[in-house]
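The values are calculated or read from the model by the stated rules, or taken from the named source; none is laboratory data. Because the structure is a prediction, the values reported are computed rather than measured. Positions of Cβ are generated from backbone atoms using ideal geometry, with glycine treated the same way; all protein chains shown enter the neighbour counts. Surface accessibility is based on the protein's heavy atoms, side chains included, excluding ligands, DNA and RNA. Shrake-Rupley method; radii C 1.70, N 1.55, O 1.52, S 1.80 Å.
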Amino acid sequence: MNRRREISKYIVADYLCSALTWAAFWIFRKKYIESEKFGIQVSLQFDEKFFLALIIIPLFWIFLYLLSGLYANVYRKSRIAEIKQLFITDAIGVLILFFTLLLNDVILNYKTYYFSISVLFCMQFGLSALAHLLITTITNRKIHNRKIGFNTILIGSNKKAMQLYTDMQSQHSSSGNKFVGFVHVDSGNGFSPELTSKLKHLGEFENIHDIIIKEKAEEVIIAIESPEHKYVESIINKLSDTKTVIKIIPDMYDILLGSVKFSSIIDAPLIVVSKDVLEPKQVILKRTFDIVSSLFFLIIFSPVYLIIALIIKLTSKGPVFYSQERIGLHGKPFTIYKFRSMYHEAEKDGPALSSKDDARITKFGKFMRKGRLDELPQFINVLAGNMSVVGPRPERRFFIEQIIRKAPHYTHLHKLKPGITSWGQVKYGYAENVDQMIRRMEYDILYLENISFLLDMRIIIYTILIVLQGRGK
């Protein structure tokens, strides 16, 4: 499946519909409102403003649709939910256009405003809804007719897995799952001979990450036996840092952790384990804030960057910047950038956490850490999309492996991009050992469960206070 091509269908359709709507609305204003206002038939003159509007206004609508999440999950759309979202988004968009472009327009009386808004809304909503319904319906039919689907791995190897596979394969209208094989959880329970004759055995669950990559799996369905229920939490934890959609048979609902929602899939209703911490519109809002704030810091505070770089160069040997591999969104590694606060080759003997009186930290490094100045280069990571301004603290794989042994649910933090600052960082600061990292993680888990733009702003304000007061540790 080509997601970019599918998204481009919606974007092109929305651009054409928005351009057609504005052209028709412009003609309506000239022929009906202005002609009646001036008592003459106003001629249509397609000037530069008209053509400029045909370029800019459709782009405005595409940005608004992107912000509202209408281009997310293009292969898993509900037409009713899509129409509802379009209705709300179009209503907001029309009000924005009214107050920015139409408020000082020619009118007959105050009723003209209501009439103009209604006409513009009906045109925009009517055309966009028709286009979206058409594209979504065609895509859904392809899924139901098994022309396109999602590579799916079945977790389970016995009766329940076989029953689920049989039920889903016998559906007249496909739910879109293309089973590529199954993995077993407990080899002591053996494998169903029927299942092995129908599906390829891909291996054991411990290797699920490699299996998902190899099979390019997009969904995982858990169908394990009652004696294996004790593995559910570890299964969810292990899958939490992957991009796959996780589904589970209903009789396991009571033992699941985290938020879930029912998803009726024709004759095989399953529970979808929600891994989306943020709604699509929140993702766009958070990313927009990250880009704007990063550009602001990198440009406005560029003299500060230069001064810090110069002091580091003059006070200790070694490079100005320090780079290190950290683990980010969905468990993917990335390179983080910081101002060097330790002596060069401070970790030549292996990874080690810093402490309060760490001899490896330079004098200027201690000053930087008090005000978190060493982390200023991370705005480069934010701009590149590896990090966010606010998010869980990114850690090294070496320490993550130690944390997971004591707190397996740590992997849930990989649902979000790591941040320059976090609730855990504000409340706890730098950690000196794994136990302290776990205590700090508890605050980041709380952030995960209560995430909002308002909470991000509060964390940023507290971080600024810590920086100004030099209370960083």
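Couple of notes before you dig in:
- Bridge type composition, the chain - antiparallel percent by DSSP, nearest 5: 45 percent
- In a reduced charge model with +1 at each Lys and Arg Cβ and -1 at each Asp and Glu Cβ, the chain shows a dipole moment near 860 debye about its Cα centre.
- Computed on the Cα trace of segment 363-448, the radius of gyration divided by the Kirkwood hydrodynamic radius gives Rg/Rh = 0.97.
- Considering only alpha-carbon pairs that sit under 8 angstrom and 6 or more positions apart, the relative contact order computed for the chain is 11 percent.
- Think of it as helices only: each DSSP H run of n ≥ 4 in the chain is worth -39500 (n - 2.57), and spread over all residues that comes to -16000 deg cm²/dmol at 222 nm.
- Accessible solvent surface per residue of the chain, calculated while the other protein chains remain in place, 1.4 angstrom probe, Å²: 53 Å²
- Charging the Cβ of each Asp and Glu at -1 and of each Lys and Arg at +1, and nothing else, the dipole of segment 385-473 about its Cα centre rounds to 120 debye.
- Lysines with Cα under 17 Å of Lys348, excluding same-chain neighbours fewer than 8 positions away: Lys317
- About its Cα centre, the dipole of segment 91-203 is roughly 380 debye, where the only charges are +1 on Lys and Arg Cβ and -1 on Asp and Glu Cβ.
- Shown for the chain: the carbon plus sulfur share of the solvent-accessible area, taken with all protein chains present and a 1.4 angstrom probe, equals 61%.
- Computed from the C-beta positions of Leu130 and Val320 and an R0 of 60 Å, the FRET efficiency is 0.55 to the nearest 0.05.
- Spin-label pair Phe115-Leu298: with each label point 7 Å from Cα along the Cα-Cβ axis, the two points sit 5.1 nm from one another.
- Set of lysines near Lys427 by C-alpha distance (under 18 Å), chain-local residues within fewer than 8 positions excluded: Lys356, Lys370, Lys473
- For segment 325-373, the relative contact order works out to 34 percent when only alpha carbon pairs closer than 8 Å and six or more residues apart are counted.
- Candidate lysines - alpha carbon under 25 Å from Lys147, same-chain residues fewer than 8 apart omitted: Lys9, Lys77, Lys178, Lys198, Lys200, Lys214, Lys216, Lys243, Lys247
- Note that segment 416-423 has calculated 3J(HN,Hα) couplings of 10, 5, x, x, 5, 10, 8, 4 Hz, one per residue in order, obtained from phi through the Karplus relation 6.51 cos²θ - 1.76 cosθ + 1.60 (θ = phi - 60°); glycine and proline are x.
- For segment 228-237, 3J(HN,Hα) per residue [Karplus equation, 6.51 cos²θ - 1.76 cosθ + 1.60, θ = phi - 60°, Hz, x = Gly/Pro]: 9, 4, 5, 8, 4, 4, 5, 5, 4, 4
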